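What follows is calculated from the coordinates using simple rules that are stated; it is not laboratory data. All values reported here derive from a predicted model rather than from experimental measurement. Here Cβ is always computed from backbone atoms with ideal geometry, including for glycine, and neighbour counts include all displayed protein chains.
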């Protein structure tokens with residue numbers, strides 16, 4: 001196991017009605033003037049935003065508002081948020097929404113207290129300082145409610161990039177599974193796929209002898225495989241929603257990813273799909289993961305065979321690890337299709353003729369197109385092109 | 001799933017040499033004058049205490065010292081520590097040792113800033129305020145390095161009782177698996193048994209549909225069952241030590257116990273054994289758990305059958321859940337014996353003629369002997385007596 005530090009000081013308020021604690025929690029963590037950041041439609045229609053506002057008012061906390069976050073959140077709104085926070089003297093950002101809203105909030109939080117362009121953080125500068133962020137989560141998916149990560153898309157060039165740093169861990173996150181009961185099945189499944197990807201990408205490690213975190217990851221994937229079909233069949237299954245919500249947080253707060261190398265290849269490749277086609281990130285991952293895993297399988301058949309047998313119930317064939325491994329990847333893809341996810345470019349709405357562009361953007365690097373993906377394996381543009389071809 | 005709050009803001013520095021970060025971390029969390037609290041022998045002989053002192057000196061942090069913590073830590077030393085902290089103006093307690101040292105440190109931390117008798121907290125008063133505590137862990141066992149709990153034994157009457165509260169979460173914990181390589185096999189196995197108990201006692205819940213935490217608990221038990229024999233066979237197996245150390249923390253920081261009722265029956269009953277005989281807590285648990293589980297099995301055979309089949313590989317017999325359940329408890333006991341743990345009163349050094357006294361102290365309550373244990377089931381003195389008899 002590798003040396004590591006782990007620090008996840010997010011306060012979680014979990015359960016029915018937890019959103020009514022928003023004001024109390026902002027106060028607990030020192031906020032006096034809040035930016036309420038959200039998407040639109042559903043958080044307003046459902047009355048959630050009003051309940052959060054009431055909770056802030058009850059504690060005498062002032063707020064400004066910025067709605068309009070879209071899936072695959074854009075840098076334009078971040079710049080707008082930074083300006084608003086500075087103008088209004090905001091000292092706390094409260095995200096009401098899903099991963100996109102939370103990621104946009106984090107970017108605003110870092111940008112507000114930074115002299116340069118916030119995009120620097122998304123080109124690799126570690127985030128060491130940011131306004132405190134709280135969240136009221138409305139979809140189990142990104143895990144951003146408990147993670148130090150954020151992903152933003154820059155309009156010029158449609159670059160979708162991630163930033164990380166301890167300052168990006170939310171101070172608190174309100175997790176009420178009821179708030180996710182109104183999600184359409186497709187979005188629920190996209191969220192579940194994202195959670196499963198966060199687990200697989202931690203599982204695919206080159207670090208040896210990491211049994212404890214291996215087992216934890218397998219456990220969380222098994223819980224997702226059991227619980228997701230229940231909410232697809234019955235959107236109001238509170239307990240299943242709750243299981244998924246906690247699994248989604250645990251999948252990405254990194255307690256199951258410490259001390260081991262990780263593999264963010266599928267996320268990096270998928271980002272090109274959702275950036276170009278504005279498809280749901282989870283749907284993109286459903287198409288990307290099986291292709292990446294099949295392409296990388298020979299790098300360590302035993303690892304893929306282990307998850308195949310432990311999670312997917314594939315009989316372990318020690319004399320044919322590759323066969324066992326592939327059967328596990330097939331089972332993953334079959335499961336993703338069973339919850340309504342796409343399985344190829346056509347179902348996703350992606351186009352074969354864009355592959356050269358996609359591979360080029362993914363391996364943009366310093367502009368030469370010679371950038372590489374460093375994960376479970378090292379992939380160059382030719383590899384990425386091959387992987388995209390496997391998705392057609 | 002039940003509503004809950006979860007807040008675990010402990011910073012973990014994990015890996016080889018991590019103890020050299022003690023000074024840096026005390027400073028990070030605001031300590032200026034430290035009480036170094038420890039047991040004796042091994043932390044001195046190994047040079048660990050000196051390395052920690054060097055690290056404090058390098059940051060210009062002053063310290064007082066209090067050694068002498070014994071397993072099943074006593075109230076007498078806690079009173080001594082409180083007096084010393086007040087006299088010396090200590091503002092941070094640094095525990096160098098195992099669960100006993102950490103628990104003693106937490107009691108001193110709370111007592112120093114409390115007007116009354118610190119024992120109040122161990123009779124049920126929640127701990128809301130305490131000096132900050134840091135830890136340098138030397139045995140994977142109690143989980144106190146990441147938990148809000150502490151257990152102390154009061155000399156008068158030999159009452160062993162627990163206290164809890166958010167203020168008891170350490171600010172940081174240094175986890176260097178190398179420090180545990182010199183532990184004798186017996187102590188290593190006692191630690192592993194304690195960890196497994198923390199997991200089982202969270203598993204035995206009356207809350208329905210808690211698949212995610214069920215799976216997490218099973219995962220951690222499986223990791224313990226795989227890794228413990230490796231360190232018994234080879235004490236210097238760093239990776240296995242590391243897996244156990246992280247599992248021990250995860251087992252008790254409660255991320256796998258949220259939103260569900262828990263069952264601390266085995267711990268409560270065992271406390272009487274280690275209080276009276278001063279046996280190792282883990283050894284006491286090895287004798288206690290199988291008896292408690294067999295006694296309580298009929299309360300929910302399906303739950304015991306589930307863990308039997310998922311963790312212990314017992315074939316699930318839907319027509320004989322009780323048989324499946326019992327085979328799982330047998331497998332647990334067989335495993336504990338295989339790592340050198342005792343299986344009955346004789347092997348533990350406990351005496352049948354003390355059972356009346358043990359049951360009475362356990363159910364002492366308000367002094368009438370009518371106290372009850374509220375866990376997976378509700379047990380009175382008669383039940384506790386029966387359970388002790390099953391251990392003979």
Inter-centroid distance (Cα atoms) of region B:89-111 relative to region A:211-274, Å: 37
Distance between modelled label sites at residue B:29 and residue B:319, nm, 7 Å Cα→Cβ extension: 5.7
Tell me the distances, shortest first, between residue A:235 and the same position across the other copies, using label points 7 Å along Cα→Cβ, in nm to one decimal. 6.1
Note: B:4-17 gets an average of partner chain Cβ contacts (10 Å, Cβ to Cβ) equal to 6
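Given the protein assembly as shown, what percent of its DSSP beta bridges are antiparallel, to the nearest 5?
Looking only at bridges with both residues in the protein assembly as shown, the antiparallel portion is about 30 percent.
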How far is helix B:321-338 tilted off the main Cα axis of chain B, in degrees rounded to 10, range 0 to 90? 40
Residue exposure sequence - B:38, B:364, A:357 - by fewest surrounding Cβ within 10 Å: A:357, B:364, B:38
Kindly give the distances from residue A:20 to its copy-mates, label point to label point, with each label point 7 Å from Cα along Cα→Cβ, as nm values to one decimal ordered shortest first. 5.4
Degrees, to the nearest 10: A:75-88 long Cα axis against longest axis of chain A: 20
Roughly what angle does helix A:281-296 make with the longest principal axis of chain A, taking Cα atoms, 0 to 90 degrees, to the nearest 10? 30
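Can you put A:297, B:224 in order of Cβ neighbours within 10 angstrom, beginning with the fewest?
Details: A:297 19, B:224 27.
Final ranking by Cβ density, sparse to dense: A:297, B:224.
Across peptide B:241-253, what mean number of C-beta atoms from other chains lies inside 10 Å of a residue's C-beta?
4
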How large is the convex hull of the C-alpha atoms of chain A per residue, in Å³? 124
Any idea what the relative contact order of chain B is, in percent, if you count C-alpha pairs under 8 Å spaced at least 6 apart? 15
Counting alpha carbon pairs within less than 8 Å and at least 6 residues apart, what relative contact order, in whole percent, applies to region A:11-179? 28
B:272, B:156 arranged by Cβ crowding within 10 Å, fewest neighbours leading: B:156, B:272
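For Cα pairs less than 8 Å apart in space and 6+ apart in sequence, what is the mean separation divided by the residue count of region B:267-392, i.e. the relative contact order in percent? Each step should come with its number before you reach the end.
Values: 157 pairs, mean separation 32.9, N = 126.
This gives 26 percent for region B:267-392.
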Distance from region A:2-77 to region B:311-383 (C-alpha centre basis), Å: 46
Find every distance from the label point of residue A:316 to the corresponding label point in the other copies (7 Å from Cα along Cα→Cβ) and write them in nm, one decimal, shortest first. 2.0
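For the protein assembly as shown, what is the convex hull volume of its Cα atoms per residue in Å³?
On the way: hull volume 126.1 nm³, N = 784.
With only Cα atoms used, the protein assembly as shown gives 161 Å³ per residue.
For region B:38-111, take the convex hull of the Cα atoms, compute a quarter of its surface area, and give me that in nm², please.
Details: hull surface 18.4 nm².
Across all orientations, region B:38-111 yields a mean hull projection of 4.6 nm².
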